[in-house]
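Asker: One structure is given below, represented as structure tokens, and several questions about it will come after.
Where a number appears in this text, it was derived from the coordinates with a stated rule and is not lab data. Keep in mind that this is a model prediction, so the values were computed, not measured. Positions of Cβ are generated from backbone atoms using ideal geometry, with glycine treated the same way; all protein chains shown enter the neighbour counts.
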Amino acid sequence: MKRHCSVQGHPSLPVCFVAAPETSIDRPAAPSGANPLFSFVLICWNHERFVADTLQSISSQDYPNWECLAIDNGSTDGSRSLIERHVTGDSRFRLLARPENHGQLAAALDALDRISGEFVCIVDSDDLLFPNFASAHVAARLAEHHRSGVSSGRIVEIDSGGAVLSGAIRPFVNTPACGQRKKAAAATFRAPLNPGTSNVFARSDLLLARLLAPDRLEAPQAADNLFFRAAHMMGGSLLIETPLSAYRITGTNVWATQPAMLGFNRVRPEVEKIFLRQMLEQAAKFVLHGKEILGTSYRERFWPSLYSLTGGSEAQAMQRFLEPPLKETLAAERDTLIRDFGEEQFKRFCGGGA
Amino acid sequence: MSAIGGIPLGSIAGNLSLPRVCVIWRKTGNPAFDERMLQALQAQDYPLAELKIIEPQDSARLNLKDETSAPFVCLLEGNVLPQPDCLSKHMQLHLGLPWPVAVSYESENFTADTKTELLPDPDFGVSIGAIAKPFYAELARTSACNDPSVQPWLSADARVCVYRSAAVGIFQSSSPAAAGIAANDTLLPFCHFIGGSASLASGKTSSLPAIDTDAERAIRISQLGLLLQGAEKLSHAAPFRYWRAANLLARGAGTAEVHALAGRELPGLLKTFGAQRTVNSLALLIGPRSVHRLFLSRPALLSPSLLWHLGRMQTGLMRRKK
């Protein structure tokens, strides 16, 4: 559903809502009185060259009520001292120095108990936020009747020198445009995945999403792979159709080897494997914690949500139900699931793997 | 003033700028025309263009990666003089599209009636200062995006093409034969295949024309050869598209030539696509019986999995015969 939201300061912000699986749950919109606190979590690992610009882009936000937790994730270059220099004397910033790098996801999970904003953005330390990033996201979120799990702006790609490589990329960045409408319609089952710094979450959703985190946290795990999927599953996505941040292609990116091109898969094969493993681990955790996450809507939303977490289509989900660790978890929880949903429904949704 | 979402580039932290474009032009040897071309290039209103002039006697092969580090490369060919806003228009398309493409080109076959929605409102995307609002609207009306998933291969007679250097790099590094190829007639279809294209002053490109000359047949065979040789790198653009493009090129290209090409590239294809997809896709390309013959003539390539898939195909053939 495409609409324009009219909020003071953003008279015509084009937005598009992509529903979560079975959005029957009533999620009240955020309170619209005072400006809610917005938390930036900047996670830096060896980005000495770029992090000053990123910090500057956070400082330049035109939104009045924000805080920033800058995490140095065990950098071995001069990032830490650079961040220290930048944040000293500005009470809106705090620095957390982690001795070792256990990956972006580990740092992001650690940050959740240290921030208090209603809305949260995990910022990559080489990316840039435009001055209206926080204000546009908050404006869009406050104009909602039902609270989305995640809001996501368009993103501009830049190179290491700051030259713009492509502008205003929509979500579904790695899928062909021909099926775009179809994909958006089918997104009740699949999350549109945007590059990291374009997404804003509600902190309460991230605290629930933490239940889906893998047991072993390691370097290539990206926070958005967990947070985006989980948040979309919980409340759907609000897509803001204007560019609000810039994603830097440095040639050393873990996820994107090249600038985005129509229908070109730029993810390294070895990273795709990690992504798939992470997805299966999340799904396995969801089988265990689905009741806590979905609350009263557990019965009607469990299976669509599990399909959403396993990548989208029913056929894909069925195939992934047969892969570890999801297969083992489903087997171990078989009796509980049959008790909760009945044998017929369990067999129908699990397919041949039942 | 160039802007993103209505915000001037200069007021965004991080010193954002427009990308550089390297214009590569090979002199024709006609002093009068060369002089006019030079003037036309100097009159370009895109602020970050650099010019690389190739002397006519220099080698026809150019490794663009070695020639420039600019993220975009413009190849000028033939006797077309670019208008002053030529580069700005191309770059506006590259930067304004919600789906970035690998190449933009100017097509001489202008058919505005097939126009599809393309450029977003300039206030919600990247706008180049040199393109004033009325011209932006005109550009949006007379340009179109060609999706490689719908049309994996295209044939367009384009003299002015602006490529993403990344796409050219993928093509030129896909095989030794592709290294150094820097001519629009080959780069355009391959870059379109890799990451899509956008055409200016044209609503639609023609798909492959019917083969009616030996020269066209030779071009197609050479393109098919490059596609098959570069399987590993080019298949990143999606395997289904790779084989659709191969089928399009093979159509009418001459059975014997296609067999010979496929036979030569079998090890690379097997490595890239695995036994099952290679056997099935080749069966569509040259026919199941020919696939059998091809593999049986190369016993060194036969693995248990390959034999299993060949056997499965054979069983299917026998069933169909019954």
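Asker: Excluding residues fewer than 8 places away in the same chain, name every one of the aspartates and glutamates whose C-alpha is closer than 15 Å to that of residue A:285.
Answerer: A:215, A:323, A:328, A:333
Asker: Among DSSP beta bridges whose residues both lie in the protein assembly as shown, state the antiparallel percentage, nearest 5.
Answerer: 45 percent
Asker: Using only Cα atoms and rounding to the nearest 10 degrees, what angle (0 to 90) does helix B:239-250 make with the longest principal axis of chain B?
Answerer: So the inclination is approximately 80 degrees.
Asker: Viscosity 1.567 mPa s, temperature 4 °C: Stokes-Einstein D of chain B from its Kirkwood Cα radius, in µm² per second? Write out the running numbers ahead of the final one.
Answerer: On the way: Rh = 21.4 Å.
D, rounded to a whole number, is 60 µm²/s.
Asker: Now, a different point. Lysine pairs in chain B 8 or more apart or on different chains: how many have alpha carbons under 23 angstrom apart?
Answerer: Within chain B, the lysine pair count is 11.
Asker: Any chance you could list P(r) for the stretch A:277-350, counting all Cα-Cα pairs in 10 angstrom bins from zero, rounded to whole %?
Answerer: In whole percents, the pair-distance histogram is 20, 61, 18.
Asker: Rg over Rh of the protein assembly as shown, using C-alpha atoms and the Kirkwood radius, what does it come to?
Answerer: Details: Rg = 26.6 Å, Rh = 27.0 Å.
Looking at the protein assembly as shown, the ratio lands at 0.99.
Asker: How much of the DSSP beta bridge set in the stretch B:1-136 is antiparallel, as a percent to the nearest 5?
Answerer: On the way: 4 of 15 bridges.
Expressed as a percentage, antiparallel bridges in the stretch B:1-136 total about 25.
Asker: Round to the nearest 10 and give me the degree value, 0 to 90, for the angle of helix B:255-264's Cα axis relative to the longest principal axis of chain B.
Answerer: 90 degrees
Asker: Any idea which of A:255, B:193, B:248 is furthest toward the positive side of the dipole for the protein assembly as shown, if Lys and Arg beta-carbons carry +1 and Asp and Glu beta-carbons -1?
Answerer: B:248
Asker: Oh, and also: What's the exposure ranking of B:233, B:65, going from fewest to most Cβ atoms within 10 Å? Spell out each step's value before the answer.
Answerer: On the way: B:233 18, B:65 14.
Ranked by crowding around the Cβ, least crowded first: B:65, B:233.
Asker: Continuing with the same structure: When B:290, A:204, B:197, A:237 are ordered from fewest to most other Cβ atoms inside 10 Å of their Cβ, what list results? Show your work: numbers first, answer last.
Answerer: On the way: B:290 17, A:204 12, B:197 31, A:237 25.
Arranged by neighbour count, lowest to highest, B:290, A:204, B:197, A:237 become A:204, B:290, A:237, B:197.
Asker: In what order do B:236, B:192 fall by count of nearby beta-carbon atoms within 10 Å, going from fewest to most?
Answerer: Working: B:236 21, B:192 31.
Going from sparsest to densest Cβ surroundings: B:236, B:192.
Asker: Please identify, among B:92, B:229, B:39, the residue showing maximal mean-square fluctuation in a Gaussian network model of chain B using a 10 angstrom Cα cutoff.
Answerer: Ranking B:92, B:229, B:39 by mean-square fluctuation puts B:39 first.
Asker: As an exercise, find the ratio Rg/Rh for the stretch B:267-322 from alpha-carbon atoms, using the Kirkwood inverse-distance average for Rh.
Answerer: Numbers: Rg = 10.7 Å, Rh = 11.3 Å.
Over the Cα atoms of the stretch B:267-322, Rg/Rh equals 0.95.
Asker: At q = 0.10 Å⁻¹, work out log10 I(q)/I(0) for the stretch A:203-342 with the Debye formula, treating every Cα as an identical point scatterer and leaving solvent out; two decimals please.
Answerer: For the requested q values the scattering log ratios are -0.39.
Asker: Of all DSSP beta bridges located in chain B, what percent are antiparallel, nearest 5? Don't jump to the answer; show the numbers that get you there.
Answerer: On the way: 16 of 31 bridges.
About 50 percent, rounded to the nearest 5.
Asker: Between residue A:65 and residue A:340, what FRET efficiency follows from the Cβ-Cβ distance if R0 is 30 Å, with the result rounded to 0.05?
Answerer: Numbers: r = 42 Å, r/R0 = 1.40.
The value I calculate is 0.10.
Asker: Could I ask something else about it? Just from its helices, what would the mean residue ellipticity at 222 nm be for chain B, if runs of 4 or more DSSP H residues each count -39500 (n - 2.57) and the sum is divided by every residue, rounded to the nearest 500 deg cm²/dmol? It would help to have the intermediate numbers written out before the result.
Answerer: Numbers: 13 runs with 146 residues, N = 322.
Value at 222 nm, helices only, nearest 500: -14000 deg cm²/dmol.
Asker: With r as the distance between the Cβ atoms of residue B:15 and residue A:94 and R0 = 35 Å, compute the FRET efficiency 1/(1 + (r/R0)^6) and round to 0.05. Before the final figure, lay out the partial values.
Answerer: Values: r = 27 Å, r/R0 = 0.76.
E(calc), rounded to 0.05, equals 0.85.
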